[in-house]
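Chemist: The structure under discussion is supplied below as structure tokens; questions concerning it will follow.
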Amino acid sequence: MYKYDEYDHAMVEARVAEFSDQVRRRLAGEITEDQFKPLRLMNGLYLQLHAYMLRVAVPYGTLDSRQMHMLAHIARKYDRDYGHFTTRQNIQYNWIKLEDAPAILEDLASVEMHAIQTSGNCIRNISSDQWAGAAADEITDPRPWAELLRQWSSFHPEFSYLPRKFKIAVIAAEEDRAAMRLHDIGIQIVEKDGQHGAAFYVGGGMGRTPMIAPLIKDFVPLDDMLSYAEACLRVYNRYGRRDNIYKARIKILIHELGADEYRRQVEEEWAHVKSLGIDPPKAEFDRIAKQFTPPALDASAPDDIDRSDPDFAVWVDQNVAAHKVPGHAIVNISLKPVGGIPGDASSAQIDLMADLAEKHSHDELRVTHAQNIVLPHVRKADLYAIWQALDTAGLATPNLDLISDIIACPGLDYCSLANARSIPVAQKIAARFSDLGRQKELGELKLKISGCINACGHHHAGHIGILGVDRKGTENYQLLLGGSGAEDVSLGTITGPGFDEDGIVDAIERVTDKYLATRTDGERFVDTFRRVGMAPFKEAIYG
Amino acid sequence: MKLLTGNDLKTGFVTWWTGADWSLHIEDAADVGEHGEAILAAEEGARRVNAPYIIAGEQTPDGPRPAHIKDRIRALGPTVRPDLTLKPADPNAGDWVI
Amino acid sequence: MVEHLQADGEEPCVTLDAFLEQSNATAVRLESDEDARALIPFLDRLKLIEVAFPKFRDGRGYSSARILREAGFTGELRAQGDVLVDQIAYMKRCGFDSFAPEKDLNPADVEAALARWPEHYQGAADGAVPIWKLRHG
């Protein structure tokens with residue numbers, strides 16, 4: 001993975017010094033909260049429901065054990081001994097003190113981490129495929145491109161006061177494990193006539209008005225990726241709406257202009273921008289790409305797994321994915337134990353996962369947008385020992401992609417933007433469906449919960465989605481069916497009137513019963529829904 | 001009743017105006033009546049509070065209770081982590097929120 | 001070189017519309033929603049372009065400035081309005097060389113802000129050599 005050189009270190013340190021000074025000026029009253037707010041947001045510091053919340057960047061979801069140990073240290077020293085992994089592969093701490101923020105950023109900088117641009121109207125964390133470098137289906141590792149984009153977007157002088165936030169995802173496989181089509185820019189590295197290029201999808205997003213990003217350019221030469229992105233951003237910065245915060249994302253601009261007109265404007269800008277020398281030479285890409293060379297994995301490592309422990313076998317079947325190198329596997333660690341809080345991990349659990357990565361995964365971990373953790377390069381022979389360690393720590397829930405593998409935003413328990421609590425709903429659903437046999441019978445069922453219309457829980461992209469709303473002062477939950485954030489991208493459809501906290505759990509059970517009664521062989525829930533439509537499900541829910 | 005609330009600038013903790021000072025505990029909160037805006041402006045200007053705002057509440061035997069569930073969660077702590085609330089030893093504390 | 005403006009004895013900026021109607025003004029003001037490229041045919045005649053920042057969150061002026069420098073404007077490019085010291089460094093990178101903030105800035109803070117960044121990741125309008133170029137020559 002990427003290691004900072006002296007320039008990267010200097011930039012992060014300068015940012016720490018800048019923010020420390022801004023905090024000092026705020027505490028001394030030299031700047032108001034109104035002036036300070038965009039500055040602290042550009043350093044990932046929110047003023048949230050209970051305290052300041054700090055969102056630490058995990059660039060394209062990749063980190064090593066040293067960094068993971070630091071995240072545990074921060075949880076222990078400065079917070080309440082746990083962290084929350086997010087739907088953009090970052091980590092959040094909910095109980096941060098402003099006066100501690102500079103010291104925390106210094107600690108992070110010491111292990112090449114930061115909270116730069118994890119909030120604010122600027123380009124956010126570049127996300128990617130959590131199985132990059134390990135999955136057989138990728139045409140190349142997308143992360144060197146993500147790193148190139150990260151540096152290009154960091155402290156970008158023209159794009160730090162955009163109309164609204166800007167999220168970019170990069171993948172390099174047909175299977176979309178990063179919800180790329182639901183980003184402001186989604187880049188898919190593709191192959192055409194023996195060459196690699198970048199397909200640019202621009203204008204996706206969830207929130208109030210979910211939209212799937214249309215294809216704006218099917219093949220940008222990789223050498224031109226940054227200048228093309230620059231052109232896309234410049235058109236947005238100039239013409240994105242600034243009159244209404246709910247219409248300020250690029251998806252609205254593209255929707256209002258139409259994809260063709262937006263493309264035309266980008267092409268025109270790109271023709272100009274290309275001549276500015278923005279694109280780094282191939283030598284820079286090669287310098288970065290060299291650091292993503294896959295670790296030396298012994299392809300002759302034993303390929304069979306001793307499945308005599310039945311609990312271990314269950315976990316292997318559900319949570320262990322195939323690695324491109326024989327004798328190896330990808331371990332998916334679920335942070336969704338029944339009764340737990342989706343995406344949360346204690347400092348002890350974070351330390352354990354760091355240790356396992358160092359010992360068994362060539363010192364690398366990934367954070368997924370489904371709020372889980374991945375050990376990407378594990379020997380099959382080590383799986384049992386890993387599972388035992390995970391099991392002792394409460395990290396061996398064998399529910400990857402099952403109904404209890406819920407994506408949930410923090411909701412009203414933590415977030416001042418929320419209208420309803422999301423975590424108790426997630427817990428009740430997981431409890432209702434806790435029987436693993438039942439979950440496996442239901443199969444792949446991606447359930448996503450948002451506590452408000454901002455959709456941080458990606459409810460539009462859930463096979464089953466839940467949106468918490470405020471209905472005359474009480475929490476109410478709307479049900480959506482048929483969304484997907486994968487390559488079969490679609491937006492969920494609302495079923496009808498909402499439910500209270502217990503009602504929504506019952507409604508979901510009626511939905512899953514209907515699915516079981518209706519499906520044909522091999523159909524996932526979302527496939528059945530797409531085949532038969534909303535009507536039979538609506539009937540089952542409301543009678 | 002009207003309650004004045006905000007966050008402590010340095011720590012971020014939720015605070016409640018007591019009539020004379022800021023407290024972490026909503027039981028200490030005073031009814032600011034029609035004077036809330038003036039107090040808010042003075043306290044914010046002096047940096048004794050950050051992001052203050054006025055909410056509706058009702059007086060109950062247990063003390064002031066905010067009208068909106070969001071502020072009740074602010075007052076106590078997350079309903080899903082009783083151990084992180086201001087009343088970790090009280091198993092019924094969450095009922096007050098809901 | 002960066003300087004705060006001196007209002008005395010300076011030709012006032014005309015609006016973009018007025019400038020496009022008459023051609024002998026040498027100072028023009030660009031509002032945040034106006035197209036900088038409208039000035040491109042006239043850059044050699046302009047001594048000063050003032051770009052408005054009605055609210056610091058309105059970042060359109062950064063693009064306007066870069067566009068003007070990219071088109072070859074060599075005169076004074078001024079950021080006017082809700083200009084806070086925390087935006088100065090980015091503004092300079094986008095090509096601004098003078099500032100007319102609504103609220104006076106502390107000169108020491110301005111100096112600190114401009115000295116803050118040792119290098120820059122990306123090329124912009126200030127001629128700074130981006131880090132990738134320093135890495136490879």
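The values are calculated or read from the model by the stated rules, or taken from the named source; none is laboratory data. Note that the structure is a prediction, hence the values are computed from the model and not measured. Cβ atoms come from the backbone with ideal geometry, glycine included; neighbour counts cover every protein chain shown.
For (1) without any contact (Cβ under 8 Å) to a residue 12 or more places away in the chain; (2) within 13 Å of chain A (Cβ to nearest Cβ); (3) not charged (D, E, K, R), each residue gets a yes or a no:
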| site | (1), (2), (3) |
| --- | --- |
| B:LYS2 | no, no, no |
| B:GLY6 | no, yes, yes |
| B:PHE13 | yes, yes, yes |
| B:VAL49 | no, yes, yes |
| B:GLY57 | no, no, yes |
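Chemist: Quick one: which strands (runs of 3 or more DSSP E) sit completely within the range C:1-116 and have at least 2 residues that are within 14 Å of chain A (Cβ to nearest Cβ) and in contact with a helix residue (DSSP H, G or I) (Cβ under 7 Å, 6 or more places away or on another chain)? Full working, then the answer.
Modeler: Values: elements: C:27-30, C:48-53, C:76-81, C:98-101.
Filter on the range C:1-116 gives C:48-53, C:76-81.
Chemist: Residue check, A:GLY194 against (1) under 21 Å from A:GLU267 (Cα atoms); (2) out of contact with any helix residue (DSSP H, G or I) (no Cβ under 9 Å at 6 or more places or on another chain), all met but one. Which one?
Modeler: (1)
Here is a yes/no grid of residues against (1) over 20 Å from A:ARG150 (Cβ atoms); (2) over 27 Å from the mean Cα position of the chain (by Cα):
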{"position": "A:TRP270", "(1), (2)": "yes, yes"}
{"position": "A:ILE278", "(1), (2)": "no, yes"}
{"position": "A:ARG287", "(1), (2)": "no, no"}
{"position": "A:ALA296", "(1), (2)": "yes, yes"}
{"position": "A:ALA301", "(1), (2)": "yes, yes"}
{"position": "A:ARG307", "(1), (2)": "yes, yes"}
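Chemist: Among the residues of the range A:151-171, count how many are closer than 17 Å to A:GLN130 by Cα and crowded, with 24+ Cβ neighbours inside 10 Å.
Modeler: In the first step, residues of the range A:151-171 are kept if they are closer than 17 Å to A:GLN130 by Cα; the result is A:167-171.
Keeping just the survivors that are crowded, with 24+ Cβ neighbours inside 10 Å gives A:168-171.
Looking only at that region, the number is 4.
Chemist: On to the next question. Hey, which of the strands (runs of 3 or more DSSP E) in the range A:182-285, taking only ones fully inside, have at least 1 residues that are assigned by TED's automatic domain parsing to the domain that holds A:GLY485, surrounded by 20 or more Cβ atoms within 10 Å (Cβ to Cβ) and touching a Ser or Thr at 6+ places or on another chain (Cβ under 7 Å)?
Modeler: Working: elements: A:185-192, A:195-202, A:215-221.
Passing ranges: none, list empty.
Chemist: Conditions first: (1) free of Cβ contacts under 8 Å to residues at least 40 places away in the same chain; (2) over 21 Å from A:SER275 (Cα atoms). C:GLU50 passes all but one, so which condition is the exception?
Modeler: (1)
Chemist: With the condition kept exactly as written, say whether any residue in the range A:318-333 is within 29 Å of the chain's Cα centre (by Cα), among the charged types (D, E, K, R) and within 14 Å of chain C (Cβ to nearest Cβ).
Modeler: Of all residues in the range A:318-333, those within 29 Å of the chain's Cα centre (by Cα) come to A:318-333.
Still in the list and also among the charged types (D, E, K, R): A:324.
Imposing the further condition that a residue be within 14 Å of chain C (Cβ to nearest Cβ) reduces the set to none.
No: zero hits.
Chemist: Which condition does A:ASP435 not pass, out of (1) within 22 Å of the chain's Cα centre (by Cα); (2) over 30 Å from A:ASP141 (Cα atoms); (3) free of Cβ contacts under 8 Å to residues at least 60 places away in the same chain, if it passes all the others?
Modeler: Evaluating A:ASP435 over (1) within 22 Å of the chain's Cα centre (by Cα); (2) over 30 Å from A:ASP141 (Cα atoms); (3) free of Cβ contacts under 8 Å to residues at least 60 places away in the same chain leaves (1) as the failure.
Chemist: Among the residues of the range A:404-420, write down those that are in contact with a strand residue (DSSP E or B) (Cβ under 6 Å, 6 or more places away or on another chain), assigned to a loop (DSSP other than H, G, I, E, B) and surrounded by 24 or more Cβ atoms within 10 Å (Cβ to Cβ).
Modeler: Here is the first cut: in the range A:404-420, the ones in contact with a strand residue (DSSP E or B) (Cβ under 6 Å, 6 or more places away or on another chain) are A:406-409, A:414, A:419-420.
From what's left, assigned to a loop (DSSP other than H, G, I, E, B): A:406, A:409, A:414, A:419-420.
Result: A:ILE406, A:CYS409, A:TYR414, A:ALA420.
Chemist: Further, regarding this structure: Can you name every residue in the range A:37-61 that is among the aromatic types (Phe, Trp, Tyr), more than 8 Å from every other protein chain (Cβ to nearest Cβ) and under 23 Å from B:TRP16 (Cα atoms)?
Modeler: As a first pass, look at the range A:37-61 and keep what is among the aromatic types (Phe, Trp, Tyr): A:46, A:52, A:60.
Adding the requirement that they be more than 8 Å from every other protein chain (Cβ to nearest Cβ) leaves A:46, A:60.
The answer is A:TYR46, and nothing else.
Chemist: Something else about it: Tally time: how many residues in the range B:60-98 are in contact with a strand residue (DSSP E or B) (Cβ under 8 Å, 6 or more places away or on another chain) and in contact (Cβ under 8 Å) with a residue 24 or more places away in the chain?
Modeler: Residues meeting the conditions: 9.
Chemist: State whether the residues of the range A:384-393 include one that is surrounded by fewer than 24 Cβ atoms within 10 Å (Cβ to Cβ), assigned to a loop (DSSP other than H, G, I, E, B) and of a type outside the set (Asp, Glu).
Modeler: Yes, because at least one residue in the range A:384-393 is surrounded by fewer than 24 Cβ atoms within 10 Å (Cβ to Cβ), assigned to a loop (DSSP other than H, G, I, E, B) and of a type outside the set (Asp, Glu).
Chemist: Name the residue that is farthest from the other protein chains (Cβ to nearest Cβ), counting only residues in the range A:268-306 that are without any contact (Cβ under 8 Å) to a residue 24 or more places away in the chain and farther than 30 Å from C:GLY137 by Cβ.
Modeler: A:ALA296
Chemist: Confirm whether B:LEU40 is within 11 Å of chain A (Cβ to nearest Cβ) and aliphatic (A, V, I, L, M).
Modeler: Working: within 11 Å of chain A (Cβ to nearest Cβ): no; aliphatic (A, V, I, L, M): yes.
Taking the combined requirement at face value, the residue does not satisfy it.
Chemist: Restricted to the range A:6-17, and to residues that are touching a helix residue (DSSP H, G or I) at 6+ places or on another chain (Cβ under 7 Å) and of a type outside the set (Phe, Trp, Tyr), which residue is nearest to A:SER154 (Cα to Cα)? Outline the logic, then answer.
Modeler: Of all residues in the range A:6-17, those touching a helix residue (DSSP H, G or I) at 6+ places or on another chain (Cβ under 7 Å) come to A:7, A:12-13, A:16.
Cutting the leftovers down to of a type outside the set (Phe, Trp, Tyr) gives us A:12-13, A:16.
Working: A:VAL12: 10, A:GLU13: 13, A:VAL16: 14 Å.
Across the range A:6-17, the extreme among qualifying residues is A:VAL12.
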